[in-house]
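Engineer: Here it is, the structure, as structure tokens.
The values are calculated or read from the model by the stated rules, or taken from the named source; none is laboratory data. Nothing here was measured: the structure is a model prediction, and the numbers come from that model. Please note: Cβ atoms are built from the backbone with ideal geometry, for glycine as well, and neighbour counts cover all protein chains shown. For accessibility, only protein heavy atoms count, side chains too; no ligands or nucleic acids. Shrake-Rupley method; radii C 1.70, N 1.55, O 1.52, S 1.80 Å.
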Amino acid sequence: MLTIEGLTYRIAGRTLLDGAAARLPAGSRVGLVGRNGTGKSTLLRLIAGEIAPDTGEIRIRRGARIGTVAQEAPTGRNTPLEIVLDADTERASLLAEAETATDAQRIAGIHERLADIDAHRAEARAAAILAGLGFDEAAQARPVDEYSGGWRMRIALAAALFAEADLLLLDEPTNHLDLEATMWLEGFLASYPNTMLLVSHDRDLLNRAVDGILHLEQLKLTFYRGGYDRFDRTRREALVRQSAMATRQIAERKRIEAFIDRFRYKATKARQAQSRIKALARMEPIAAVVADRTERFDFPQPDALPPPIVALDGASVGYAAGDPVLRRLNLRIDMDDRIALLGANGNGKTTLLRLLAKRLEPANGKIVRSGKLKVGYFAQNQLEELPDGATAGAHMAALMPKLPESRVRAHLGRFGLTGERAGTRIADLSGGEKARLLLAVITRDAPHLLLLDEPTNHLDVDAREALVQALNEYEGAVLLVSHDSHLVDLVADRLWLVADGTCRPFDGDLADYRRTLLEAGRAERREARASRPDNGATSKADERRRRAAARAAKADLRKAVKAAESRMAALQRERDTLHEKLADPALYDGPADAVAALNRRAGEIDKEIEVAEAAWLAAQEALDEAG
């Protein structure tokens, strides 16, 4: 489907790609990864033909349709459903032509092609995609102009998914999504029928939705099979081997050079010395591993406060105009809490954070805070409020006027803003660097409670891992909103669900929540299908085609369910076998590497079983829907 050969691209004197090469077979779903600033988005633009390479070639299968998410959010009075349906340009064109065509043969050809592309299901398919991204039936019928920029970008994403391009290019598609929509997107992309190249820093998305990883590093592209965890493990093992080989080669060179120095001028050893000089000249140097800079965040540790640090008793909160957004809030937060908020966008998660951050006051009930409580609040709009004209160092110095410059720079250094980056104008910082600066700003006085609203949107995978480690080492309380399920899973030990106008503890983990969402979605679609009126206008020929297509689809779905069941059974058998081996005392008398390999596989297989269960649930849900 896609072949890249000898690709070189430079911008403003900086080389982003130098002789890069890669090949994506048709039907592959590939994640494009690499550190921020390495050129991933630029590569997508090169593939889409928006910009031209300096040298090299990009070949795409003749006639293939390339799909991307529109850079500008849709506007106007059209509804989300209308905009998504219009994204299938062939269908829209055929329907428009059918309105004016007069030739009977052409009309027949139009309807035959509409049947071939499954046009009769288009509206249901578009509605299902929009529902997965958070638009219920009423929301799908509202004019696009009534939505915020983030929700409009969801509509643009829905349009790109609906069009089912032969080559779909996605650049950080989860940035405008909540956790619920991200979970849905994982399942959708995992079954995308055509070729996909996805830029993302979401580790779970890259584990569940792709079958290969394309790594952009040091101006080159390297392909790895499997998801992100497999890529990470394979790459680390390769780096260890390369480092060991380079070390051995250095030692061998030193040994040969010592022999040459010792015997070069001795007649009896001159021939051997000359032989070694030639061997040394022929020895191709093994490149030493160039270590990426180590990402590290380091939150200042707060003083201890007696529990609870915050308590809500029958509180309600909203905005000046209108009814309260949240009611009957009976919650408490202690210093050692790690809490993640669940619930779709619009349910009130940000409203709750603003209440806890003193940006809103309770309308009823009461909220009691410890007298010495200090709160650090990270919100996405605060990134836009940073003063563009100031440097990172100057901005922090203004916020910490009583501290010497060395202390200010040391605090910035906790978040990776060292050296030149501390002296860079904020307008020239990357999104990830601005996120680091905001983390430094909100923690400058060692807060007891961190309120984090989507803190990872601009952070790459390594920075996200550093954030996980820092939050787990932090001794204060954390209340987190994030669409990154990997972050939530590793940081939060409690889940609160914001829904139905209130917030209450959720009894279960993220896997339980994922299953709850799948079951709720299935129930909603069954109810909608049951209430849909039959207009009786379907012709007999159309009905025969529909039934034939339904039978074929159900057969495929039964196969998918059976395959998923077989996969789960095989994994569970392997897990049982592994546990038996690990329980055998004789194992631990053997090589330590064998024990480590079995433990590593035991950890991997639990995640594979979770993915297989999700695939089975999705397949079973689709079969149930097909009736």
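Engineer: Take the residues in the stretch 100-121 that are at negative phi and in a loop (DSSP other than H, G, I, E, B); name whichever of them is surrounded by the fewest Cβ atoms within 10 Å (Cβ to Cβ).
Structural biologist: The selected residue is Thr102.
Engineer: A further question on this structure: When you scan the stretch 150-164, do you find a residue that is of a type in the set (Val, Ile, Thr), in contact (Cβ under 8 Å) with a residue 40 or more places away in the chain and touching a strand residue (DSSP E or B) at 6+ places or on another chain (Cβ under 6 Å), even just one?
Structural biologist: No, because not a single residue in the stretch 150-164 is of a type in the set (Val, Ile, Thr), in contact (Cβ under 8 Å) with a residue 40 or more places away in the chain and touching a strand residue (DSSP E or B) at 6+ places or on another chain (Cβ under 6 Å).
Engineer: Now for a different question. If you go through the stretch 13-41, how many residues are more than 19 Å from Asp202 (Cβ to Cβ) and in a strand (DSSP E or B)?
Structural biologist: Total meeting the criteria: 11.
Engineer: Note down all Cβ pairs under 8 Å where the first residue falls in the stretch 43-63 and is in a loop (DSSP other than H, G, I, E, B), the second is open to solvent by 60 Å² or more (accessible area, probe 1.4 Å), and they're at least six residues apart or on different chains.
Structural biologist: Pairs that qualify, where the first residue is in a loop (DSSP other than H, G, I, E, B) and the partner is open to solvent by 60 Å² or more (accessible area, probe 1.4 Å), are Gly49/Ile66; Ile51/Arg45; Asp54/Arg10; Arg61/Ala26.
Engineer: Then there's this: Within the group Ala124, Ala159, which residue is part of a helix (DSSP H, G or I), of a type in the set (A, V, I, L, M, F, W, C) and either over 29 Å from the mean Cα position of the chain (by Cα) or modelled with pLDDT of 90 or more (or both)?
Structural biologist: Answer to the selection: Ala159.
Engineer: Against the definition (under 24 Å from the mean Cα position of the chain (by Cα) and either of a type in the set (Gly, Ala, Ser) or crowded, with 17+ Cβ neighbours inside 10 Å (or both)), how does Gly39 come out, yes or no?
Structural biologist: Answer is yes for this residue.
Engineer: Scan (1) touching a residue at least 40 places away in the same chain (Cβ under 8 Å); (2) open to solvent by less than 20 Å² (accessible area, probe 1.4 Å); (3) closer than 25 Å to Trp496 by Cα for the single condition Glu465 breaks and write down its number.
Structural biologist: Status for Glu465: all satisfied but (2).
Engineer: Taking the criterion of being at pLDDT below 90, touching a helix residue (DSSP H, G or I) at 6+ places or on another chain (Cβ under 7 Å), part of a loop (DSSP other than H, G, I, E, B) and not acidic (Asp, Glu), would at least one residue in the stretch 530-537 satisfy it?
Structural biologist: no
Engineer: Follow-up question, since we're still on this one. Restricting attention to the stretch 226-238, does a residue exist that is open to solvent by 30 Å² or more (accessible area, probe 1.4 Å) and either over 26 Å from Val468 (Cα atoms) or not in a helix (DSSP H, G or I) (or both)?
Structural biologist: No - not one qualifying residue is present in the stretch 226-238.
Engineer: Oh, and also: Any chance you could count how many residues in the stretch 64-99 are in a helix (DSSP H, G or I), among the acidic types (Asp, Glu) and surrounded by 15 or more Cβ atoms within 10 Å (Cβ to Cβ)?
Structural biologist: Matching residues across the stretch 64-99 total 2.
Engineer: Within the stretch 568-600, count every residue that is in contact with an Asp or Glu (Cβ under 8 Å, 6 or more places away or on another chain) and open to solvent by 40 Å² or more (accessible area, probe 1.4 Å).
Structural biologist: Result for the stretch 568-600: 1.
Engineer: Which residues, taken from the stretch 129-149, are within 17 Å of Asp86 (Cβ to Cβ), touching a residue at least 60 places away in the same chain (Cβ under 8 Å) and aliphatic (A, V, I, L, M)?
Structural biologist: Scanning the stretch 129-149 gives Ala141, Val144.
Engineer: Could you please give the count of residues in the stretch 189-223 that are of a type in the set (A, V, I, L, M, F, W, C), open to solvent by 40 Å² or more (accessible area, probe 1.4 Å) and not in a strand (DSSP E or B)?
Structural biologist: Here the count works out to 1.
Engineer: Quickly run through the stretch 71-86 and pick out the residues that are small (Gly, Ala, Ser) and more than 24 Å from the chain's Cα centre (by Cα).
Structural biologist: Listed by number, the list holds a single entry, Gly76.
Engineer: Which one of these is under 16 Å from the mean Cα position of the chain (by Cα) and among the hydrophobic types (A, V, I, L, M, F, W, C): Val461, Val491, Val478?
Structural biologist: Result of the check over Val461, Val491, Val478: Val461.
Engineer: With the requirement that a residue be assigned to a helix (DSSP H, G or I) and under 16 Å from Arg77 (Cβ atoms), what does the stretch 135-149 give you?
Structural biologist: Listed by number, the residues that qualify are Ala139, Gln140, Val144, Asp145, Glu146.
Engineer: Among the residues of the stretch 375-427, how many are open to solvent by less than 50 Å² (accessible area, probe 1.4 Å), in a loop (DSSP other than H, G, I, E, B) and touching a strand residue (DSSP E or B) at 6+ places or on another chain (Cβ under 9 Å)?
Structural biologist: The number of residues fulfilling the criteria is 3.
Engineer: When the stretch 16-39 is examined, which residues are found to be modelled with pLDDT under 90 and of a type in the set (Ser, Thr, Tyr)?
Structural biologist: Matches in the stretch 16-39: Thr38 only.
Engineer: Do you know which residues across the stretch 308-349 are of a type in the set (Ser, Thr, Tyr) and either in a strand (DSSP E or B) or open to solvent by less than 50 Å² (accessible area, probe 1.4 Å) (or both)?
Structural biologist: Of everything in the stretch 308-349, just one residue is of a type in the set (Ser, Thr, Tyr) and either in a strand (DSSP E or B) or open to solvent by less than 50 Å² (accessible area, probe 1.4 Å) (or both), namely Ser316.
Engineer: OK, next. With respect to Ala357, determine if the residue is out of contact with any Cys (no Cβ under 6 Å at 6 or more places or on another chain), open to solvent by 30 Å² or more (accessible area, probe 1.4 Å) and either of a type in the set (Ser, Thr, Tyr) or modelled with pLDDT of 90 or more (or both).
Structural biologist: For Ala357, the condition - out of contact with any Cys (no Cβ under 6 Å at 6 or more places or on another chain), open to solvent by 30 Å² or more (accessible area, probe 1.4 Å) and either of a type in the set (Ser, Thr, Tyr) or modelled with pLDDT of 90 or more (or both) - is not met.
Engineer: Go through the stretch 163-177 and give me each residue that's closer than 30 Å to Asn347 by Cα and open to solvent by less than 10 Å² (accessible area, probe 1.4 Å).
Structural biologist: Leu170, Thr174, Leu177
Engineer: Next question. Inspect all residues belonging to the stretch 434-453 and state whether any of them is outside any helix (DSSP H, G or I), open to solvent by less than 20 Å² (accessible area, probe 1.4 Å) and among the polar types (S, T, N, Q).
Structural biologist: There is at least one residue in the stretch 434-453 that is outside any helix (DSSP H, G or I), open to solvent by less than 20 Å² (accessible area, probe 1.4 Å) and among the polar types (S, T, N, Q).
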